[in-house]
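Notes follow once the structure below has been shown.
The values are calculated or read from the model by the stated rules, or taken from the named source; none is laboratory data. Since the structure is predicted, the reported quantities are computational estimates derived from the model, not experimental observations. Please note: Cβ atoms are built from the backbone with ideal geometry, for glycine as well, and neighbour counts cover all protein chains shown.
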Amino acid sequence: MILKIDFESDLPIYIQLKTQIIEGIAAGVLKEGDPLPSVRQMASDLGINLHTVNKAYTFLKQDGFITVHRQKGVVINSIHGRRVNEDYLARLHKDLSSLAAEAYCRGMNEEEFKNICTELFTKFKSQSPKW
Amino acid sequence: MRVLLVLSTFFICYLPILFYSAFMPYLTRKTESFGVSIPEEIYDDPEVQRIRSTYRSSVLAFGVVFAIFSLFTGLAAPLTVTYIFLPIGTLIQLVIMAVFYLHGHRQMKSLKEKSNWLSNKQQVTMVDTDFRKRKLFVSPLWFMLYVVGVAITLGIGFTFYENMPFRVPMQFDFSGEVTRYAEKSTGTILFAPLMQVFITFIMAFSYWSIGKAKQQIDVSHPEESIETNRIFRYRWSAFTVFSGLALVIMFGIMQLTIVGIIKNTLSMIVVPLGFSGIIVIAAIVLSITTGQGGSRIRLPFSKYNGYVNRDEDRHWKWGVFYFNPDDPSIFVEKRFGIGWTNNFANPMSWVFMIGLIVLIVFVGVVSKFLDV
């Protein structure tokens, strides 16, 4: 998978890394058992500090998307590593709340907002059907 | 045989340096002109083209005049002068090429400042998470042949040691006349294997660094860039392995001369010249067909996507020396040249460089100790 980092973006680099890897998993580009570059390799190829990559990987690890093996390196987890839990629900609620708030303020109706969600889910389902 | 000396310097040093320098702006990545990063399509900008062609013409004009001058000096001057002049001439040539380069670099830099090439473009960096799973280099098993080569050379030495002449020819002038003999000893037959081991270390290190070097994708057409860069690494790893093997074989042949199986001592001159010639030609062919980073490899090309590589000019002193403390990379692609250079902000770069110097000094000391 090709990751793209925008250094002028308001989003911190580690967030960009994290979201793109998650999107890669959703899109089926990254599959269970696929290796990712080591922290050092990824940092060197991007020309960024080791800590930045480390931070992204730590978050992904905590959320159950990847496992860091001593020998096998960094590997994408199976879906069983990352069920919906309370923590996640709370975070989802918070993130959606700001997205919905803006949509509401712009005068978007509920249907339109839901349609976009459905569209995205359909897309992910077709790209990585086993989940 | 002064003619051989002068002509070989001419063909192995002067001309390759001249053409390598003159045509380098056409061999670099299109995203880097005279060490200054530019959007890929700006490579064809008339002003940028003019800077390139002016540079090429001036380098060629100077180089040809200098080469002819050197040729006549080499042939006509007293032999002692020729011996000193040829290496110094090569050095002078390199310095003057650097001056021409710096002029081009300044021109590009000020042109970039004047133009706003980057203004409406998004600067990004891309990495392929599968890059290092691709076939980036030839099999490391080739290095087994190096070991075989050293073993055979040692074998030749010990097998023929007894029948070796008491005086061993060690140094020659260009007519193949022996200028220095060494007394026969175990050291004399260990010299060639020592050099082979040295070559093995150097080549193994280069091979390793080719795989290790930073992944650099041209973001305006990432897929092609990944593939051309893979081919670039693969070809140069093959070059590294095979040119090293050629040198190992060369020292094997030298061993045959030392133990007296090859009687014609002219081989001590002709063989190294022949091998260096072949290696230089191979490097030139590879540079022209592949280009820096694989830039001259043509693949079916998708359209530019509007992204541009992150501008890192401030980390490149004169567009030549890379110093970026935030980049953990050790080896990065040269901007003006073929191959890789170091991130001098990484302490490991200095460790490797000092290691290399120590290795060279060590080999020098050991060969003295071998009394050759």
Filter result for the condition that a residue is more than 30 Å from B:Gly252 (Cβ to Cβ) and within 14 Å of chain A (Cβ to nearest Cβ), over B:Val64, B:Val81, B:Val127: B:Val127
The range B:89-120, residues that are buried (at least 16 other Cβ atoms within 10 Å of the Cβ) and within 14 Å of another protein chain (Cβ to nearest Cβ): B:Leu118
Checklist (1) of a type outside the set (A, V, I, L, M, F, W, C); (2) within 28 Å of A:Ser9 (Cα to Cα); (3) in a loop (DSSP other than H, G, I, E, B) applied to A:His93, failing item: (3)
Unique match (being under 16 Å from the mean Cα position of the chain (by Cα), within 13 Å of chain B (Cβ to nearest Cβ) and in a helix (DSSP H, G or I)) among A:Val29, A:Val74, A:Val53: A:Val53
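From the list B:Lys317, B:Lys368, B:Lys334, pick out the single residue that is charged (D, E, K, R) and buried (at least 19 other Cβ atoms within 10 Å of the Cβ). I'd like the intermediate steps shown before the answer.
Numbers: B:Lys317 fails: buried (at least 19 other Cβ atoms within 10 Å of the Cβ); B:Lys368 fails: buried (at least 19 other Cβ atoms within 10 Å of the Cβ).
Answer to the check: B:Lys334.
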Tally, over the range B:130-142, of residues that are away from every other protein chain (no Cβ under 13 Å) and either in a loop (DSSP other than H, G, I, E, B) or buried (at least 16 other Cβ atoms within 10 Å of the Cβ) (or both): 5
Selection from the range A:70-98 of residues that are surrounded by fewer than 12 Cβ atoms within 10 Å (Cβ to Cβ) and among the aliphatic types (A, V, I, L, M): A:Val84, A:Leu89, A:Ala90, A:Leu92
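Listed here are the residues, each with its yes/no results for (1) modelled with pLDDT of 95 or more; (2) of a type in the set (Lys, Arg); (3) buried (at least 16 other Cβ atoms within 10 Å of the Cβ); (4) under 22 Å from B:Ser115 (Cβ atoms).
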position: B:Tyr14; (1), (2), (3), (4): no, no, yes, no
position: B:Phe19; (1), (2), (3), (4): no, no, yes, no
position: B:Met24; (1), (2), (3), (4): yes, no, yes, no
position: B:Gln49; (1), (2), (3), (4): yes, no, no, yes
position: B:Ser57; (1), (2), (3), (4): yes, no, no, no
position: B:Ala67; (1), (2), (3), (4): no, no, yes, no
Residue, nearest to B:Met108 (Cα to Cα), within the range B:313-369, restricted to residues that are within 13 Å of chain A (Cβ to nearest Cβ) and aliphatic (A, V, I, L, M): B:Val332
Single condition B:Arg29 does not satisfy, out of (1) part of a helix (DSSP H, G or I); (2) within 26 Å of the chain's Cα centre (by Cα): (1)
Residue list for the range A:103-117, filter: in a helix (DSSP H, G or I) and surrounded by 10 or more Cβ atoms within 10 Å (Cβ to Cβ): A:Ala103, A:Tyr104, A:Glu110, A:Glu112, A:Phe113, A:Lys114, A:Asn115, A:Ile116, A:Cys117
Subset tally (residues that are out of contact with any Phe, Trp or Tyr (no Cβ under 9 Å at 6 or more places or on another chain) and either at positive phi or crowded, with 20+ Cβ neighbours inside 10 Å (or both)) for the range B:254-279: 1
Test for B:Thr73: is it polar (S, T, N, Q), surrounded by fewer than 20 Cβ atoms within 10 Å (Cβ to Cβ) and assigned to a helix (DSSP H, G or I): yes
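Filtering the range B:294-312 down to residues that are under 19 Å from B:Leu27 (Cβ atoms) and more than 14 Å from every other protein chain (Cβ to nearest Cβ), which residue is nearest to the chain's Cα centre (by Cα)?
Start the filter on the range B:294-312 by keeping residues that are under 19 Å from B:Leu27 (Cβ atoms), which leaves B:294-299, B:301, B:309.
Next cut, more than 14 Å from every other protein chain (Cβ to nearest Cβ) only: B:294-299, B:301.
Values: B:Gly294: 16, B:Ser295: 18, B:Arg296: 18, B:Ile297: 20, B:Arg298: 23, B:Leu299: 26, B:Phe301: 30 Å.
Residue satisfying both the conditions and the ranking: B:Gly294.
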Of all residues making up the range B:331-355, the number that are touching a residue at least 12 places away in the same chain (Cβ under 8 Å) and more than 27 Å from B:Met97 (Cβ to Cβ): 2
Positions within the range B:143-186 being part of a helix (DSSP H, G or I) and farther than 20 Å from B:Leu247 by Cα, in sequence order: B:Phe158, B:Thr159, B:Phe160, B:Thr186
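Select from the range A:1-18 the residues that are among the polar types (S, T, N, Q) and either at the interface with chain B (Cβ under 7 Å from one of its Cβ atoms) or within 19 Å of A:Pro37 (Cβ to Cβ) (or both) and list them in ascending order. Spell out the reasoning first.
To start, the set of residues in the range A:1-18 that are among the polar types (S, T, N, Q) comprises A:9, A:16.
Across the range A:1-18, the qualifying residue is only A:Gln16.
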Odd one out for B:Glu224 among (1) touching a Lys or Arg at 6+ places or on another chain (Cβ under 6 Å); (2) surrounded by fewer than 19 Cβ atoms within 10 Å (Cβ to Cβ): (1)
